[in-house]
Amino acid sequence: MDSSTALEQIRNVVGARGIVSPKAAEPLLRDHRGLYQGAAAAVVQPGSTAECAAILEICSAARLGVVPQGGNTGYCGGATPFDSERQILLSLARMNRIRRIDPIAFTMTAEAGVILSAAQAAAADQQLLFPLSMGSEGSCQIGGNLSTNAGGLNVVRYGTARELVLGLEVVLPSGAVLSELKGLRKDNTGLDLKALFLGAEGTLGVITAAVLKLFPQPRSRQTAWLAVASPTAACELLGEARRQSGDQLVSAEYLSRTSLELVLAHVEGAREPLSSRHDHYVMLELAGSLTDAALRELLESLLAAGLESGKILDGVIAQSHAQRSALWKLRETIPEAERREAKCIKHDISVPIALIPEFLDGARQRLTRVAAHGLSVFGHLGDGNLHYNLVPPDAPAGFGDELAAELTATLYAYVDEVGGSFSAEHGVGLFKRDELARFESPVALELMQQIKRTLDPDGIMNPGKLFVS
């Protein structure tokens, strides 16, 4: 089947509503960071799993590439097509129904196009919590979250997206539908097939729905902004907070002074949270079934012990929802502030938590040998995920491409040396594809390639992403 015949058949499947006009398609063909301008033979939005299956069956017969896309909020070009004749962009935006919430089993069955904030709100309507949370939650979609194994702000308590899934519905490259939406907490009938597609970035099939874990809504929530003596103190404080709170710690965020100063300089309404400047900050948030008074007392005792030991230098506890929001704004608007300041070299890495202090010292030393630079370091202390971003000393000029590549290679080599990962939560996509080939073990790479060849023998699923051909 030639591509024109295939495209006509796809139009017949989805109807006029399922074909995105060229003007409306423009932002979908450009990645979130503006690194890539894509092209596609068509931008298609199926309205059901049956339509999605029919599309993939047609594409399989015609050998047309299929690039799945959620909210297009990714950082690595993983949802951008690059062939105006032989690839389609498959947007899941119309598949946005929450099929079911089970308040007894604490589960939600949601389609891939459900916006993350809508899933959170639907759970809250049942006095339940869907804990996946991140800065893009107003536009990112569940399917994209699962395909990249998103992390976010609450991993220390609830885990990554992968750990929040009980079942999946997936359309395979052939058009066959794998429907595993029973939502059982225990099911030992063979291999865990859903695990293949979580974090696979659409290279093995299209996630169309998922059964997600829900949790009780916390009765109370307490948030503190703390100045700490050092990264070592920050890591030690994390362990103490988990132990003393009975693991009611839901978020532990690290911010360097440089990151905070970028926000203060570029984000309207941002205010210095403490009376004096410090080099290192930690945001802690506790949530649980205790009363507000009891949880605050627990947090205050943690802070008092930290002040006495010298780990904490100063701090403030939010006294209202508005104050909590203001503190979180300082953390969540760092990427926006970085964009306004300079052309940073961004890195999304993870290292063993206990090695974070050693890593920060070692990375600075190694990178300084390559070139002068500033640092904006922040991230999820609770799971070792650091956004390690290099700021040019002559901002906003940025770094030249060759120098940027050398700095990145130096950093990733050190990350690998300490047993970390060059990709903690934004996936691999196209942007980090060469790094996967360089740093993943040969055995793991060969297993991945074997799975890819088995499930997608014609290579139509998200061509060129994740795997080096």
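Values for this structure:
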quantity	calculated
Segment 220-335: proportion of alpha-carbon pairs further apart than 17 angstrom, %	51 percent
Nonlocal amide H pairs with TYR36, under 5 Å, H built at 1.01 Å	ASP31
Positive-end residue, the chain charge dipole about Cα centroid, Cβ charges, pick of PHE439, PRO463, ASN385	PRO463
Histogram of C-alpha separations across segment 286-387, 5 Å bin width, %	2, 9, 14, 16, 20, 17, 11, 7, 3, 1, 0
Charge sum, other residues only, whose C-beta stays under 10 Å from HIS266's C-beta, Lys/Arg counted +1 and Asp/Glu -1	-3
Size of electric dipole in segment 139-251: Cβ of Lys, Arg +1 and of Asp, Glu -1, about Cα centre, debye, nearest 20	380 debye
Placed amide H near SER251: partners under 5 Å, 5+ positions off or other chain	GLU285
Segment 41-84 shape via C-alpha gyration tensor axes, a/c threshold 1.5	oblate
Computed over segment 44-156: relative contact order in percent, which uses C-alpha pairs under 8 Å that are six or more apart	23 percent
Angle between the chain longest axis and helix 257-266 axis [Cα atoms, degrees, rounded to 10]	70 degrees
Rounded, prolate or oblate (a/c below 1.5 giving rounded, otherwise prolate when a/b exceeds b/c) for segment 49-206 by Cα gyration tensor	prolate
Cα-based helix-to-principal-axis angle, 321-332 vs the chain, degrees rounded to 10	70 degrees
Volume per residue that the Cα convex hull of the chain spans, once the total is divided by residue count, Å³	152 Å³
Segment 415-469: relative contact order as a whole-number percent, Cα under 8 Å and 6+ apart	46 percent
Within segment 36-187: Cβ-based charge dipole about Cα centre, in debye rounded to nearest 20 (Lys, Arg +1; Asp, Glu -1)	220 debye
Percent of beta bridges antiparallel (DSSP, the chain, rounded to nearest 5)	85 percent
Non-local Lys pairs in the chain, i.e. 8 or more apart or on different chains, that have alpha carbons under 25 Å apart	18
Burial order of peptide ranges 168-180, 11-23, 108-120 (average beta-carbon count within 10 Å, highest first)	108-120, 168-180, 11-23
3J(HN,Hα) from dihedral phi, segment 371-383, Karplus parametrisation 6.51/-1.76/1.60, rounded to Hz, x for glycine, proline	6, 5, 6, x, 10, 10, 10, 7, x, 8, 4, x, 10
Highest average packing first - 129-136, 312-319, Cβ atoms within 10 Å	129-136, 312-319
Residue-wise HN-Hα coupling along segment 342-352, computed from phi with Karplus coefficients 6.51, -1.76, 1.60 (Hz; x: Gly, Pro)	6, 8, 6, 9, 8, 9, 10, 10, 9, 9, x
Electrostatic dipole magnitude of the chain [Cβ: Lys, Arg +1; Asp, Glu -1; Cα centre; debye, to 20]	820 debye
Mean Cβ neighbour count within 10 Å, used as a protection proxy, ranking 138-149, 196-207 highest first	138-149, 196-207
The chain: angle of helix 231-244 to the longest principal axis, Cα-based, in degrees nearest 10	80 degrees
The chain: relative contact order in percent, alpha carbon pairs under 8 Å with at least 6 residues between	16 percent
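Values quoted throughout were computed directly from the atomic coordinates according to the rules given, and no laboratory measurement underlies them. All figures in this text were calculated on a predicted structure; none of them were measured in a lab. Here the Cβ is made from the backbone with ideal geometry for all residues, glycine too, and neighbour counts use every protein chain on show.
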